[in-house]
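The values are calculated or read from the model by the stated rules, or taken from the named source; none is laboratory data. Please read all numbers here as calculations on a predicted model, not as lab measurements. No Cβ is skipped: glycine too gets one built from the backbone with ideal geometry, and neighbour counts run over all protein chains shown. Ligands, DNA and RNA are stripped out before the accessible areas are found, and what is left, the full protein with its side chains, is counted by its heavy atoms. Shrake-Rupley method; radii C 1.70, N 1.55, O 1.52, S 1.80 Å.
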Amino acid sequence: MTLKVKNVCCIGAGFVGGPTMTVLANKCKDIVFHVVDKDKSKIEQWNSQDLSDLPVYEPGLAELIEKRRDKNLFFSNLVKESISKAELIFICVNTPTKKSGIGAGKASDMKWIEACAREVATYAEGETIVVEKSTLPVKTAETIKKILFSLNKENYDKKFSILSNPEFLAEGNAINDLENPDRILIGGDDNEAISLLEAIYLRWVDKNKILRTNLWSSELSKLTANAFLAQRISSINSISALCEKTGAEIKEVSKAVGMDSRIGSNFLSASPGFGGSCFKKDLLNLIYICNYYNLDVVADYWQKVIDINEWQNKRISKIVTEKMFGTIYKKKIAILGFSFKANTNDTRESPAINVCLDLLEEGAMLKIYDPRVKSNQIEQEIANNKDKNINYEGQWLKVENIYESFNEADAIIILTEWQEFQNLNWKEISSLMKKPSWVFDTRLILNPEILNQYNFDLWSLGSTQ
Ligand code: NAD
Ligand code: UGA
């Protein structure tokens with residue numbers, strides 16, 4: 001291979017493709033990055049002059065887009081042309097859980113990956129390095145290889161190398177994660193291609209953070225990393241329930257446990273359950289693969305991580321209803337936070353969705369506030385997840401001003417840990433709400449002493465205070 005990388009194509013301008021290519025474009029100003037997507041309206045948003053209208057909200061992203069867009073960073077629907085030009089192609093499309101057919105509810109839906117591989121096979125020219133950035137079942141590279149080579153059997157002008165280079169960024173912290181990664185994982189068997197990809201990262205990442213493995217280790221490491229992270233959350237969440245029964249405080253337990261250097265303090269925050277598009281999907285995928293290889297005990301082990309997460313999520317609405325005298329019918333509840341975590345506009349698998357649906361089912365009236373999530377997004381999540389025959393129209397409302405949600409409210413539920421929820425004027429809130437005024441803190445961000453001062457009835461996850 002005698003390649004020099006001048007043009008990079010990224011297929012998929014989503015939560016990973018957009019921010020990742022933006023950071024790469026900022027680090028490699030001599031390379032042109034073409035981020036393509038079949039979704040026209042998404043590309044229009046990426047090209048919007050109004051930087052608050054980008055399809056992805058990430059701290060620091062808009063500033064970088066402004067610096068690099070239309071210089072060496074281009075967003076378009078020109079899939080064919082961008083593939084033809086590129087020496088290096090990142091596949092960054094979605095790999096959600098299959099909804100129907102074989103493996104429904106468990107296996108990853110590979111139809112977008114296959115479509116990409118076919119497009120690359122058809123339009124690529126000369127030597128091309130194809131990089132799996134999407135999170136994929138172990139052995140996917142084999143399928144991609146098969147498609148690329150079988151569609152070009154007689155074409156000796158085209159050469160492909162397939163690498164796995166999974167992404168480990170966490171939403172809300174994407175730019176920082178991309179600029180300061182813990183590690184860069186590159187799996188493959190073509191050392192020259194690996195070195196070319198490595199050379200891109202070496203512009204800002206230390207060599208000792210770049211890990212070369214075989215393809216299958218790389219694919220499986222990504223699934224395993226997400227499974228381990230999710231497992232920690234389920235572990236701490238299971239203990240949060242025990243704290244509520246025993247008088248132990250989950251924050252104190254997390255701190256004490258996390259100070260053991262063998263355990264470490266990250267990812268020990270109790271919560272209403274993990275959300276986001278990946279943890280559940282990747283765990284389900286791992287479970288599916290284990291079952292496929294008849295490793296049912298291993299599959300059952302990882303299934304428990306999901307079970308605890310669903311149980312924890314369900315627990316919240318039950319506790320809210322019980323505390324509020326067993327009925328929330330027509331009671332007004334302020335929901336603070338709808339995104340699956342702070343600093344993102346992403347609501348996929350957000351724990352807020354099921355909590356809100358349960359409350360709506362009990363007849364509660366919700367005013368939902370989130371600084372980054374739009375009303376139509378909430379509407380879509382509710383519509384996608386509710387029972388088809390139920391209509392919750394008129395029962396919930398998205399408010400733009402947080403204090404509007406407190407007017408005559410019976411309760412407040414904090415579901416996302418947005419920074420602004422930590423600086424509320426509880427004196428004013430107390431004057432706006434009905435009595436008793438319940439506050440449910442599922443993210444442990446409030447100061448109980450301040451709330452006690454204004455006679456709130458506070459319930460905090462994993463606490464008896
Ligand atoms: P996303 O849904 O936000 O974006 C995927 C994009 O790909 C969509 O805009 C879709 O229109 C586009 N697309 C699909 N098929 C296409 C095709 N054939 N041609 C052109 N465009 C096409 O998904 P995402 O959150 O960016 O995740 C992408 C992958 O990265 C997934 O495999 C995910 O597991 C993995 N991942 C996600 C994160 C995260 O934080 N979201 C982090 C690490 C890894
Ligand atoms: C996660 C991983 O952290 C990334 O490394 C990975 O690249 C990504 O999935 C992916 O593959 O998609 P992300 O889901 O964006 O990133 O965000 P996290 O910070 O991991 O949070 C996931 C969920 O867990 C959120 O709902 C969050 O509130 C919850 N969480 C996180 C807890 O409940 N407690 C914690 O201590 C940490």
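Angle, helix 191-201 long axis vs. longest principal axis of the chain, Cα atoms, 0 to 90°, nearest 10?
On a 0 to 90 degree scale, this one is about 50.
What accessible surface, in Å², does a 1.4 Å probe find on Ser265, ignoring ligands, DNA and RNA and rounding to the nearest 10?
90 Å²
Under 1.5 on a/c is rounded, so check that first for segment 59-141, then, if it is not, pick prolate when a/b is larger than b/c and oblate when it is not; a ≥ b ≥ c are the square roots of the alpha carbon gyration tensor eigenvalues. Mind dumping the intermediate values first?
Details: a/c = 2.51, a/b = 1.43, b/c = 1.75.
Oblate is the answer for segment 59-141, as a/c is 1.5 or above yet b/c matches or exceeds a/b.
For the chain, take the longest principal axis of its alpha carbons; what is the angle in degrees between that and the long axis of helix 215-246, to the nearest 10 within 0 to 90?
Orientation of helix 215-246: about 10 degrees from the principal axis.
Please list Arg68, Arg232 from largest to smallest accessible area, probe radius 1.4 Å, with all protein chains kept in place. Don't jump to the answer; show the numbers that get you there.
Numbers: Arg68 30, Arg232 55 Å².
Of Arg68, Arg232, the descending order of accessible area is Arg232, Arg68.
Kindly flag which residue pairs out of Lys80/Lys145; Lys281/Lys332; Lys111/Lys222; Lys251/Lys386; Lys40/Lys139 have an alpha-carbon separation exceeding 29 Å in this structure.
Distance filter (> 29 Å) returns Lys281/Lys332; Lys251/Lys386; Lys40/Lys139.
What are the aspartates and glutamates whose alpha-carbon lies under 16 Å from the alpha-carbon of Lys304, with same-chain residues fewer than 8 places away excluded?
Within the straight-line cut-off, Lys304 pairs with Asp282, Asp296.
Would you calculate, for the chain, the mean residue ellipticity at 222 nm contributed by helices, counting each DSSP H stretch of 4 or more residues as -39,500 (n - 2.57) and dividing by all residues, to the nearest 500?
-13000 deg cm²/dmol
What relative contact order, as a whole-number percentage, does the chain give when Cα pairs under 8 Å and 6 or more residues apart are counted? Intermediate values should be presented prior to the final figure.
Details: 868 pairs, mean separation 56.3, N = 465.
After rounding, I find 12 percent.
May I ask you to give the solvent-accessible area per residue for segment 129-186, in square angstrom, as obtained with a 1.4 angstrom probe? Let's see the in-between values first.
Numbers: 2470 Å² over 58 residues.
Roughly 43 Å² per residue, with all protein chains present.
May I ask for the angle, rounded to the nearest 10°, between helix 351-361 and the longest principal axis of the chain, with both axes built from Cα atoms and the value confined to 0 to 90°?
Between the helix axis and the principal axis of the chain, the angle is about 50 degrees.
Can you sort Met324, Met259, Met110 by 1.4 Å-probe accessible area, starting with the largest?
From most accessible down to least: Met259, Met110, Met324.
For Lys153, Lys332, give the ranking by accessible area with the largest first, probe 1.4 Å.
Order by accessible area, largest first: Lys153, Lys332.
Cβ neighbours within 10 Å, averaged per peptide: list 42-52, 379-389 in order, most packed at the top.
42-52, 379-389
How much of Ser431 can a 1.4 Å solvent probe reach, expressed as accessible area in Å² and rounded to 10?
Surface open to solvent at Ser431 totals about 90 Å².
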